[in-house]
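Peer 1: Sharing a structure, written as structure tokens. Questions coming.
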Protein chains: 4
Amino acid sequence: MSLREKKAARKKEDILRSASLVIARNGYQNATMEDIAAELLMTKGSLYYYFKNKEELLYECHELILSGAMERLEALFLENLSSKEKMQKAIKIHVDLVIKEKEVFNLIGKPEQIFSEENIWKVLQKRDEYAGIFDKIINEGVAEGEFVIHQKKMARMIILGAANWVQVWYSPEGKYTKEEVEEIYAEYLLKILM
Amino acid sequence: MSLREKKAARKKEDILRSASLVIARNGYQNATMEDIAAELLMTKGSLYYYFKNKEELLYECHELILSGAMERLEALFLENLSSKEKMQKAIKIHVDLVIKEKEVFNLIGKPEQIFSEENIWKVLQKRDEYAGIFDKIINEGVAEGEFVIHQKKMARMIILGAANWVQVWYSPEGKYTKEEVEEIYAEYLLKILM
Amino acid sequence: MSLREKKAARKKEDILRSASLVIARNGYQNATMEDIAAELLMTKGSLYYYFKNKEELLYECHELILSGAMERLEALFLENLSSKEKMQKAIKIHVDLVIKEKEVFNLIGKPEQIFSEENIWKVLQKRDEYAGIFDKIINEGVAEGEFVIHQKKMARMIILGAANWVQVWYSPEGKYTKEEVEEIYAEYLLKILM
Amino acid sequence: MSLREKKAARKKEDILRSASLVIARNGYQNATMEDIAAELLMTKGSLYYYFKNKEELLYECHELILSGAMERLEALFLENLSSKEKMQKAIKIHVDLVIKEKEVFNLIGKPEQIFSEENIWKVLQKRDEYAGIFDKIINEGVAEGEFVIHQKKMARMIILGAANWVQVWYSPEGKYTKEEVEEIYAEYLLKILM
DNA sequence: AATGAATGAGAATTCATTCAT
DNA sequence: CATGAATGAATTCTCATTCAT
């Protein structure tokens, strides 16, 4: 990758980060290309130099954020952890993600309303991969007798669903710090698996 | 209430029901007044006879659905039930609601993006009242020693959050019936309180 | 057709007429929806009440103009005319059309640059039908020995092509009146068929 | 002309040739500077080193193509040909040009929609010069008794107009070769002058 | 000479909302 | 009451053009 290309790649990431921010603030539909550009002190025209259209921009946001989170999750398998510990850490990572990326993450919920044919299945696939990591932890835990649960998929849905909701009520000015929330969620949600 | 008023009130409810449907299908932003009217074989102009504007229409949808659910929840206190039983039934009612009203219910999540100043606090208030019923059950359960939990609010958030997420993945064509989902959720989520 | 519908149909025609005018003046690509609306003292938003989009609007322009001309051409077959006379009258009608509708007519030339998949073949079809009337006159004339020509299609192309070009140079302020042009074209182009 | 200048001049011609191609394919308005540059494996920014703007580029296309054609036409006067022969050859040259340069040539039709004040009259002038060659052949033919025609200008309009239209329908995959079309057009159009 | 990047002035289109009838 | 019609503000996207490097 040449210097030029590196620079361009960095710029693209900058844009994605700003976009995430604006989208998190206003919601996807309410975030206009103008808003996103303004955040970067650019003009909206310039965004189209880097991204073919708004959907593409969003798609790459989604990709960036989810990929980052997946890396963190996968790293858990390199450490020497019990399934319980793995799941607790995974929950914390997920809550962290949800709080930091708010809206962008939330849109995972109803991609059909946002993405077109060509992207939708890639989005769903990525989401499945992401969820798959949690499934893997649950399966391992069950296999090793650490977890006792029959409806494994359902348990995963509950865990991720509960954590996603944090986005809705959490505020840094609130009663709990992010770390406390992570801690409590990790503890309580683990109960479901026991 | 005169006959005329009664008729109007019934019409209003019809509209709200159609609106819920369309919004659940397409999402709030994607549901146009035209779509909503079309569902009722009306023209969009007519909607404005009954509702001041789109926000108002949505607000009343929200009101209608939540009020209905609250009635059902409150009825639980008239029966002679243990806290566990109450919570299980409450969860089932909530999951039922979430599945049936999908999007409309979901928008509870980010009212700031949709409602204006004047409505927002009323919406938040209603939501608090709704959540308050779950809090009440939890509090009673703790007082009576049925539940063992310290972070009571957080537990309630987890329960409602997890249940809200059902909206995202549930499909009537899927592996589980609505009743099975309700059953499993009620069972698993109760673990959090024990 | 109810009164309402008649009114709407008339309005649609008004719009088409204005659109033709503006398109004739500026060319299709340069004629903005705003321009077209302004000509009618409307706002561009209103145009979308009557036409789904710009292409649709243009398509109907095309349809209207060509249909009108075809009626006039077909009427020739009801009169008792020799093929020569028919062709002369047909040429006059065509020149009249070309002068009056300038650009709108011209765009027939390269519909691929303007119309999308769904409309293009309808446009081509219509164009073929139109040209078919000239073919019919030629064929009859040849059958009856009035015309002597081997490459019949080519002759028709020459006649219509030559007449289409009038659009480019004709000006009401110029040396010839419309009627004179029609007369001379009818006379000279007939030579090709003899 | 220095070596540098020669190189630049050659590059300019390359660009013009590519531009002609792209414009012929897509039409002037649809041909973006990007498209034209891409055809040459350049970036659009570079085009502005050679041409002031898009109009200028088009203007020079026009100039190049018409000048080339005029040279070929003028060469006819150096041969020892009858007026009939001259006109037939001229028609063939023109048809050849029309087929090869399609769109670029066609835009001669409505220069007002494309060129600005400063260029328009130069364009019109060039066009008149071009047409003037045909007029000259006609005048000579009439003077020498080879042609019999009163409305000489009109006859020229018919001849050029008919030939211009070839652009619209001709396809190399069609029934006739370019040479056959030229032959037939030359033969039939000559009838007008007799 | 060439290019990557940015810009800004439109253009088409959508849609909540209004209003006369 | 209901509707057809009109509006205008907002939004996405396009592209010729510019300019620092």
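The values are calculated or read from the model by the stated rules, or taken from the named source; none is laboratory data. This structure is a prediction, so every number in the text was calculated from the model and none was measured. FYI the Cβ positions are ideal-geometry reconstructions off the backbone, even for glycines, and counts take in every protein chain you see.
Peer 1: Please list, ordered by first then second residue, the pairs with beta carbon atoms under 7 Å, 6 or more apart or interchain, first in the range C:173-194 and among the hydroxyl-bearing types (S, T, Y), second modelled with pLDDT of 95 or more and not in a helix (DSSP H, G or I).
Peer 2: Cβ pairs passing all conditions: C:Y188/D:I192.
Peer 1: Looking at D:M154, D:M194 in this structure, which one is more than 21 Å from D:G27 (Cα to Cα) and not in a helix (DSSP H, G or I)?
Peer 2: Every option except D:M194 fails the conditions.
Peer 1: So which pairs qualify, if the first residue must be in the range D:136-153 and closer than 15 Å to C:K191 by Cβ, the second must be among the acidic types (D, E) and surrounded by fewer than 16 Cβ atoms within 10 Å (Cβ to Cβ), the Cβ gap must be under 7 Å, and the two must be at least 6 apart or on different chains?
Peer 2: From residues that are closer than 15 Å to C:K191 by Cβ, the pairs are D:K152/D:D135.
Peer 1: Moving to a separate point now. Quick check on this structure: which one of B:L3, B:L97, B:L73, B:L64 is within 14 Å of DNA strand F (Cβ to nearest atom), hydrophobic (A, V, I, L, M, F, W, C) and away from every other protein chain (no Cβ under 14 Å)?
Peer 2: B:L3
Peer 1: For the range D:156-189, how many residues are more than 7 Å from every other protein chain (Cβ to nearest Cβ) and more than 20 Å from the chain's Cα centre (by Cα)?
Peer 2: Matching residues across the range D:156-189 total 5.
Peer 1: Just for the range D:1-18: of the residues that are aliphatic (A, V, I, L, M) and either at pLDDT 90 or above or part of a helix (DSSP H, G or I) (or both), which one is farthest from D:L41 (Cα to Cα)?
Peer 2: Filtering first and then ranking leaves D:L3.
Peer 1: Same structure again: Please enumerate the residues belonging to the range D:115-151 that are part of a helix (DSSP H, G or I) and among the small types (G, A, S).
Peer 2: D:A131, D:G132, D:G141, D:A143 - these are the residues of the range D:115-151 that are part of a helix (DSSP H, G or I) and among the small types (G, A, S).
Peer 1: If you scan the range C:57-69, which residues turn out to be surrounded by fewer than 17 Cβ atoms within 10 Å (Cβ to Cβ) and not hydroxyl-bearing (S, T, Y)?
Peer 2: Answer for the range C:57-69, where residues must be surrounded by fewer than 17 Cβ atoms within 10 Å (Cβ to Cβ) and not hydroxyl-bearing (S, T, Y): C:E63, C:G68.
Peer 1: Ok, one more. Report, by residue number, each residue of the range A:100-127 that is away from chain B (no Cβ under 14 Å) and modelled with pLDDT of 90 or more.
Peer 2: A:N119, A:I120, A:W121, A:K122, A:Q125, A:K126
Peer 1: Those residues that are of a type in the set (F, W, Y) and either away from DNA strand E (no atom under 11 Å from the Cβ) or in contact with a helix residue (DSSP H, G or I) (Cβ under 6 Å, 6 or more places away or on another chain) (or both), I need them from the range C:20-49; list them, please.
Peer 2: C:Y28
Peer 1: Moving on. Just for helices (runs of 4 or more DSSP H) wholly inside the range B:26-111: which have at least 3 residues that are closer than 27 Å to A:F115 by Cα?
Peer 2: Qualifying helices (runs of 4 or more DSSP H): B:33-39, B:54-75, B:83-106.
Peer 1: Could you list, in sequence order, all residues of the range C:23-37 that are modelled with pLDDT of 95 or more and either at the interface with another protein chain (Cβ under 10 Å from one of its Cβ atoms) or over 23 Å from D:A31 (Cβ atoms) (or both)?
Peer 2: Residues satisfying the conditions are C:E34, C:I36, C:A37.
Peer 1: If a residue has to be touching a residue at least 24 places away in the same chain (Cβ under 8 Å) and within 27 Å of B:A31 (Cα to Cα) to count, how many in the range B:114-130 make the cut?
Peer 2: Of the residues in that region, 9 qualify.
Peer 1: Which of the residues belonging to the range C:168-185 are in a helix (DSSP H, G or I) and surrounded by fewer than 22 Cβ atoms within 10 Å (Cβ to Cβ)?
Peer 2: Selection gives C:V168, C:W169, C:K178, C:E179, C:E180, C:E183, C:I184.
Peer 1: Any idea which of C:K52, C:K100 is without any contact (Cβ under 8 Å) to a residue 60 or more places away in the chain, within 16 Å of DNA strand E (Cβ to nearest atom) and surrounded by fewer than 17 Cβ atoms within 10 Å (Cβ to Cβ)?
Peer 2: Of C:K52, C:K100, the one residue that is without any contact (Cβ under 8 Å) to a residue 60 or more places away in the chain, within 16 Å of DNA strand E (Cβ to nearest atom) and surrounded by fewer than 17 Cβ atoms within 10 Å (Cβ to Cβ) is C:K52.
Peer 1: Can you name the condition, by its number, that D:Y130 falls short on among (1) surrounded by fewer than 21 Cβ atoms within 10 Å (Cβ to Cβ); (2) within 11 Å of chain C (Cβ to nearest Cβ); (3) touching a Leu at 6+ places or on another chain (Cβ under 7 Å)?
Peer 2: For D:Y130, the exception is condition (2).
Peer 1: Take the residues in the range B:133-155 that are β-branched (V, I, T) and away from chain A (no Cβ under 14 Å), then tell me which one is surrounded by the most Cβ atoms within 10 Å (Cβ to Cβ).
Peer 2: B:I137
Peer 1: When only residues in the range B:15-49 that are under 26 Å from B:Y170 (Cβ atoms) and acidic (D, E) count, which is farthest from DNA strand F (Cβ to nearest atom)?
Peer 2: Per the criteria, the residue is B:D35.
Peer 1: Please determine whether any residue of the range D:4-20 is charged (D, E, K, R), in the same structural domain as D:L124 (by TED's automatic domain parsing) and touching a Phe, Trp or Tyr at 6+ places or on another chain (Cβ under 9 Å).
Peer 2: no
Peer 1: Next question. Please verify whether the range B:26-40 includes one or more residues that are surrounded by 15 or more Cβ atoms within 10 Å (Cβ to Cβ), on the phi > 0 side of the Ramachandran plot and either not aromatic (F, W, Y) or not assigned by TED's automatic domain parsing to the domain that holds B:K100 (or both).
Peer 2: The answer is yes; a qualifying residue exists.
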